[in-house]
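Colleague: This is the structure I have questions about; it appears just below.
The values are calculated or read from the model by the stated rules, or taken from the named source; none is laboratory data. Every value quoted in this text rests on a predicted model; they were computed, and no experiment measured them. Because the Cβ atoms are built from the backbone with ideal geometry, glycine has one as well, and the counts that use them run over all protein chains shown. Ligands, DNA and RNA are stripped out before the accessible areas are found, and what is left, the full protein with its side chains, is counted by its heavy atoms. Shrake-Rupley method; radii C 1.70, N 1.55, O 1.52, S 1.80 Å.
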Amino acid sequence: MLDALSKSFFHALARSKGVERMASRIGMATPTSFARRFIAGESADEAIEAAKAIQAKGMRLTLDQLGESITTLAEAEAATKVYLALIEKIRAAGIDRNISLKPTQLGLDIDQEVCFSNITRILELATRHDFFVRIDMENTPYIQKTLDMFGSVWAKGFRNTGVVLQSAVFRSEEDARAMSTLGARVRLVKGAYKEPAALAHQAKADVDAAFVRIMKVLLAEGTYPAIATHDPKMIAATTAFAAERGIPKDAYEFQMLYGIRRDLQQQLVADGYRMRIYVPFGKQWFPYFMRRLGERPANVGFVLKGILSDRG
Ligand code: FDA
């Protein structure tokens, strides 16, 4: 109940343009500003520097240029060009060739054909340079459209791409089976959005139970699944199931977000597991940042402390 309330509160705050303007001014202003805990920088160069440090600790990467729910095709075109340039920058930097993107950033909400063409352009360059492209999953109005678009790029022959499924959402168990049959790579997450009770579990215990069920489907039948969570219980359930079934540590990977549970990230690497860190960057960091606060209201104290110390 409290989980749902705090999610709603931060999702409402995330829609406030006034709060966004104020936060955007101060959140990343200095190297110690509060949003830097979760966002690797406003530019690709800053993100690449952060990524190099993560890779040096034995972890893998996926870079994400923040931005979502754009309203014009010109913005979708600009975001596509940013991703094409990012691929070149990552190549030049010699870091892990893996990116994540949000379909609404590339125009899904405006024109599905244009979005498909934008993703195809990114996948063509990605294929040429041996990149993997993860298509993030947004809230429920976009799930079917995202999976349809994924189906189209798969039908076009792209195999260096995968989707994300959210355990909170009822349909994901069926989607996980469909993706396993297709042979497509899935990242399993709990789900970051506030969803209606008709479409998604509301209680944390139900979201967690579904996560474990879907994890088992993906590990047993899927293709190199990514188990993306900071929850020690989900991680323990995964390693136990893998051990019980004799699934080797290199047949799947764990993923976590930049700046969250760094202790656990390192511990899993030390224990011989694969760990990929999602490294977000960009000027449009506010909605992403607010979702992280909504997941853990204790982060608000951390942010307030940061704001006060920035002033000092
Ligand atoms: P849960 O929220 O239950 O938290 C478990 C524990 O993790 C907490 O007790 C705390 O210790 C720690 N923790 C979690 N969040 C924290 C935070 N913000 N700050 C500090 N500690 C925190 N979602 C989505 O809808 N679509 C997507 O495409 C993606 N993509 C994605 C990629 C990757 C690599 C990750 C790790 C996550 C996503 N997500 C996502 C987000 C995901 O849906 C979910 O909102 C968060 O991962 C938080 O859920 P947990 O599984 O960590 O569990």
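Colleague: Given the criteria over 28 Å from LEU293 (Cβ atoms), at pLDDT 95 or above, within 15 Å of the ligand (Cβ to nearest atom) and surrounded by 15 or more Cβ atoms within 10 Å (Cβ to Cβ), does LEU218 qualify?
Modeller: yes
Colleague: Of all residues in segment 82-113 being of a type in the set (Lys, Arg) and not in a loop (DSSP other than H, G, I, E, B), which is nearest to ARG291 (Cα to Cα)?
Modeller: Only one residue fits best here, namely LYS89.
Colleague: Also, quick follow-up: Could you tell me whether segment 129-138 includes any residue that is farther than 25 Å from ALA192 by Cα and open to solvent by less than 20 Å² (accessible area, probe 1.4 Å)?
Modeller: yes
Colleague: Mind counting the residues in segment 138-155 that are out of contact with any helix residue (DSSP H, G or I) (no Cβ under 7 Å at 6 or more places or on another chain) and part of a loop (DSSP other than H, G, I, E, B)?
Modeller: Residues meeting the conditions: 1.
Colleague: Within segment 32-52, is even one residue over 19 Å from the mean Cα position of the chain (by Cα), under 18 Å from TYR288 (Cα atoms) and either modelled with pLDDT under 80 or open to solvent by less than 50 Å² (accessible area, probe 1.4 Å) (or both)?
Modeller: Scanning segment 32-52 turns up at least one residue that is over 19 Å from the mean Cα position of the chain (by Cα), under 18 Å from TYR288 (Cα atoms) and either modelled with pLDDT under 80 or open to solvent by less than 50 Å² (accessible area, probe 1.4 Å) (or both).
Colleague: Consider only pairs whose beta carbons are under 7 Å apart and that are at least six residues apart or on different chains; among these, list those whose first residue lies in segment 286-301 and is of a type in the set (D, E, K, R) and whose second residue is open to solvent by 40 Å² or more (accessible area, probe 1.4 Å) and more than 10 Å from the ligand (Cβ to nearest atom).
Modeller: Sorted first by the residue in segment 286-301, then by its partner, the list stays empty.
Colleague: Quick check, is GLN166 open to solvent by 50 Å² or more (accessible area, probe 1.4 Å), in contact (Cβ under 8 Å) with a residue 24 or more places away in the chain and out of contact with any His (no Cβ under 7 Å at 6 or more places or on another chain)?
Modeller: Spelling it out, it is not the case that GLN166 is open to solvent by 50 Å² or more (accessible area, probe 1.4 Å), in contact (Cβ under 8 Å) with a residue 24 or more places away in the chain and out of contact with any His (no Cβ under 7 Å at 6 or more places or on another chain).
Colleague: I'd like to verify a number: residues in segment 187-214 that are within 11 Å of the ligand (Cβ to nearest atom) and open to solvent by less than 10 Å² (accessible area, probe 1.4 Å), how many?
Modeller: Selection size over segment 187-214: 3.
Colleague: Here is a further query. Tally time: how many residues in segment 191-231 are over 22 Å from LEU257 (Cβ atoms) and of a type in the set (Val, Ile, Thr)?
Modeller: Residues meeting the conditions: 2.
Colleague: When segment 268-292 is examined, which residues are found to be open to solvent by 10 Å² or more (accessible area, probe 1.4 Å), within 8 Å of the ligand (Cβ to nearest atom) and not charged (D, E, K, R)?
Modeller: TYR278
Colleague: Residues of segment 224-267 being touching a helix residue (DSSP H, G or I) at 6+ places or on another chain (Cβ under 7 Å) and more than 10 Å from the ligand (Cβ to nearest atom), which ones?
Modeller: Those that are touching a helix residue (DSSP H, G or I) at 6+ places or on another chain (Cβ under 7 Å) and more than 10 Å from the ligand (Cβ to nearest atom): TYR224, PRO225, ALA237, THR238, PHE241, ALA242, ARG245, ILE247, TYR252.
Colleague: Does ALA79 qualify as being surrounded by fewer than 16 Cβ atoms within 10 Å (Cβ to Cβ) and part of a helix (DSSP H, G or I)?
Modeller: no
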